[in-house]
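Enquirer: My structure is below; once you've seen it, I'll send some questions.
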Amino acid sequence: MPLFDQLSIRYKLVVLLGLSLGLGLCVSALVALYSTWAAERQSSLRALHQIAAIISENMRAALAFQDAQSAANMLAPLHTNPHIRYAVVESENGQLLGQYQAPGTTEPAALAWRAQIDQRPGRPGELHEAMERSYHYVIYPIDFDGKRIGTLALLADNDAMYAKMRQFFVLQGVASALILASLLLLSWRLQLIFTRPILQLLALMRRIGRSKDYTPVLATQRTDEFGELYRGFNAMLQEIRLRDEQLSRLATTDTLTGLANRGHALATLQAMATRAQRKREPMGVILLDVDHFKRINDSWGHAAGDLVLQDMARILQANIRSYDLAARFGGEEFLVLCDGADLAITTDMAERIRASVASHSFRLAGGQVLHVTVSLGLHVGSTAPETALALIEAADQALYRAKQAGRDRVEST
Ligand SMILES: Nc1nc2c(ncn2[C@@H]2O[C@H](COP(=O)(O)OP(=O)(O)OP(=O)(O)O)[C@@H](O)[C@H]2O)c(=O)[nH]1
């Protein structure tokens with residue numbers, strides 16, 4: 001069913017529910033129709049029986065005396081019932097005593113009915129009734145003193161029965177249409193119970209696909225499978241969010257010192273430089289290098305060197321402003337980006353760092369205390385466009401001069 005497959009889950013459920021409820025309604029309507037038809041059929045035959053019983057009771061004397069005139073008089077009032085179309089009274093030996101034909105009845109029709117009555121199954125003179133498509137009839141035996149003296153055959157059309165059936169059919173149709181409309185409304189309400197949570201999840205999934213914001217938002221008190229689905233979805237979002245954070249931390253952080261790594265520092269420098277140029281503000285770049293670091297490694301081991309680098313990171317963090325960035329730029333080389341800082345502020349910051357390092361006691365795992373110095377080169381970006389690499393290059397030249405000038409000092413471009 002390709003068309004059905006293409007329908008949204010909402011309409012699929014409405015179609016399925018509507019079809020099942022509609023089918024139930026059709027079956028019950030057919031049952032009601034059949035029962036009404038059977039009841040009408042029974043009641044038509046019963047009514048004809050009652051008329052036949054009354055006429056037969058009065059017809060006894062006419063039969064006993066073979067009085068055709070009396071028989072005709074007794075049949076004549078039948079015209080008050082427009083549905084009785086034909087009646088015939090015969091004596092026991094089959095002799096016709098009286099006959100009635102409703103006004104408008106043609107002779108061929110009367111003859112056909114007569115033939116139908118004569119061909120009835122069973123023994124002649126026995127009580128018999130039959131329901132045909134367009135008429136029904138009763139053959140009623142007439143007894144006198146315990147002896148069969150004749151029979152009365154009464155035939156009536158089915159017009160009254162069909163009129164009632166038509167009326168019932170119209171009523172049933174109207175009721176069925178109303179019920180069907182209510183059932184469709186009910187199907188729509190019912191499908192909401194199932195589709196609302198699914199569509200909510202779908203909308204959230206689409207929104208996350210667009211925004212990439214994995215913050216869990218589906219709060220629910222539900223205790224059913226949908227509640228479980230919501231909670232599972234929330235847990236999954238939470239996990240993705242944590243992993244995202246972890247991944248971006250790993251991608252931007254130096255694992256030894258916890259400072260920003262080289263890649264993150266360069267990207268931040270580029271963004272900071274662009275912003276500074278747009279706002280026509282200065283920005284400071286400080287490049288610093290641990291003096292004679294190789295000696296520390298060689299004398300105290302690589303682990304001691306690592307410890308020094310970690311302490312160095314802490315000193316840097318302690319001496320920068322919240323909106324500056326300290327990064328590990330290479331082995332024992334660090335970069336500090338000072339947002340909106342002019343030469344005076346940058347120089348002051350570099351000097352503060354140098355002095356903090358020089359006065360710091362680097363305590364090794366074995367308890368030994370080292371004193372270390374750093375050389376710093378700084379450059380303050382002008383308002384003219386400069387690439388991140390050009391800014392670093394300039395700071396590096398200043399650093400080179402600091403090293404050349406004897407280390408433990410700050411040089412600027
Ligand atoms: N412990 C440790 N050492 C590192 C790391 N990265 C680089 N190094 C070492 O840092 C040292 C850098 O030495 P050099 O480039 O010669 O510079 P330096 O000894 O500091 O001398 P100057 O810079 O001229 O004062 C090398 O011995 C590298 O092996 C690291 O992550 N941990």
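Enquirer: Where residues in region 300-320 are more than 11 Å from the ligand (Cβ to nearest atom) and either without any contact (Cβ under 8 Å) to a residue 24 or more places away in the chain or of a type in the set (Val, Ile, Thr) (or both), which of them is nearest to MET272 (Cα to Cα)?
Expert: ILE320
Enquirer: Between a residue in region 330-342 that is outside any loop (DSSP other than H, G, I, E, B) and any residue that is within 15 Å of the ligand (Cβ to nearest atom), which pairs come within a Cβ distance under 6 Å, given they are 6 or more apart or on different chains?
Expert: If the second residue must be within 15 Å of the ligand (Cβ to nearest atom), the pairs left are GLU333/ASP289; PHE334/LEU288; PHE334/ARG328; LEU335/LEU287; LEU335/ALA327; LEU335/PHE329.
Enquirer: Looking at region 275-329, which of its residues are in a strand (DSSP E or B) and β-branched (Val, Ile, Thr)?
Expert: So in region 275-329, the residues in a strand (DSSP E or B) come out as 283-290, 325-329.
Of everything in region 275-329, those that are in a strand (DSSP E or B) and β-branched (Val, Ile, Thr) turn out to be VAL285, ILE286, VAL290.
Enquirer: Looking only at region 66-88, which residues are exposed (fewer than 14 other Cβ atoms within 10 Å of the Cβ) and in contact (Cβ under 8 Å) with a residue 24 or more places away in the chain?
Expert: From region 66-88, those exposed (fewer than 14 other Cβ atoms within 10 Å of the Cβ) are 66, 69, 73, 76-77, 79-80; that's our starting set.
Within region 66-88, GLN66, ALA76, HIS79 qualify.
Enquirer: What do you reckon, is LEU325 more than 11 Å from the ligand (Cβ to nearest atom), within 24 Å of ARG409 (Cα to Cα) and crowded, with 20+ Cβ neighbours inside 10 Å?
Expert: Numbers: more than 11 Å from the ligand (Cβ to nearest atom): yes; within 24 Å of ARG409 (Cα to Cα): yes; crowded, with 20+ Cβ neighbours inside 10 Å: no.
Criteria not met by LEU325.
Enquirer: Quick one: which strands (runs of 3 or more DSSP E) sit completely within region 34-142 and have at least 1 residues that are within 20 Å of MET161 (Cα to Cα)?
Expert: Working: elements: 84-91, 96-101, 128-131.
The strands (runs of 3 or more DSSP E) meeting that bar are 84-91, 128-131.
Enquirer: Can you find a residue in region 390-400 that is surrounded by fewer than 20 Cβ atoms within 10 Å (Cβ to Cβ), farther than 18 Å from ALA267 by Cα and away from the ligand (no atom under 14 Å from the Cβ)?
Expert: Checked against the condition, which is being surrounded by fewer than 20 Cβ atoms within 10 Å (Cβ to Cβ), farther than 18 Å from ALA267 by Cα and away from the ligand (no atom under 14 Å from the Cβ), region 390-400 yields at least one hit.
Enquirer: Which ones in region 228-258 are modelled with pLDDT of 90 or more, of a type in the set (Ser, Thr, Tyr) and exposed (fewer than 13 other Cβ atoms within 10 Å of the Cβ)?
Expert: THR255 - this is the single residue of region 228-258 that is modelled with pLDDT of 90 or more, of a type in the set (Ser, Thr, Tyr) and exposed (fewer than 13 other Cβ atoms within 10 Å of the Cβ).
The values are calculated or read from the model by the stated rules, or taken from the named source; none is laboratory data. Predicted model, so just to flag it, every value in this text is computed and none were measured. Because the Cβ atoms are built from the backbone with ideal geometry, glycine has one as well, and the counts that use them run over all protein chains shown.
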